[in-house]
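Only the coordinates and a few stated rules stand behind these numbers; no lab work does. Everything numeric in this text was worked out from a predicted model, so none of it was measured. Here the Cβ positions follow ideal geometry from the backbone for every residue, glycine too, while neighbour counts run over all protein chains shown.
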Amino acid sequence: MRVALCSYEIAGVRGGGIGTYVAEAGRALTAAGHEVWLITSKPSRRGGVPADAFAEVRYIDDAATPER
């Protein structure tokens, strides 16, 4: 199954909190054989998104803040 997780916070990029759960959910679903995509806002710095958690990362340029 292809799964898309949408979150402003991602562990390693924008702190912990819910971002920790997003990364762990991605890892668990990937380990179970699912194709997991992450949809998030473009980070101010590159890197940090857990490569073992997501098959694809899509950035939304217009979502610079959680309010958007």
query = Residues with amide H under 5 Å of Val49's amide H, sequence separation 5 or more or different chain, H placed in the peptide plane at 1.01 Å from N; which?
reply = none
request  = Would you mind checking which residues have amide H under 5 Å from Val3's amide H? H placed 1.01 Å from N; only 5 or more apart, or other chain.
outcome  = Glu35, Val36, Trp37
request  = Find out how many positive minus negative residues lie around Ala28, taking Lys and Arg as positive, Asp and Glu as negative, among other residues whose Cβ is under 14 Å from that of Ala28.
outcome  = -2
query = Sequence-distant or interchain residues sharing an amide H contact under 5 Å with Ser41, placed H: which?
reply = Ile60
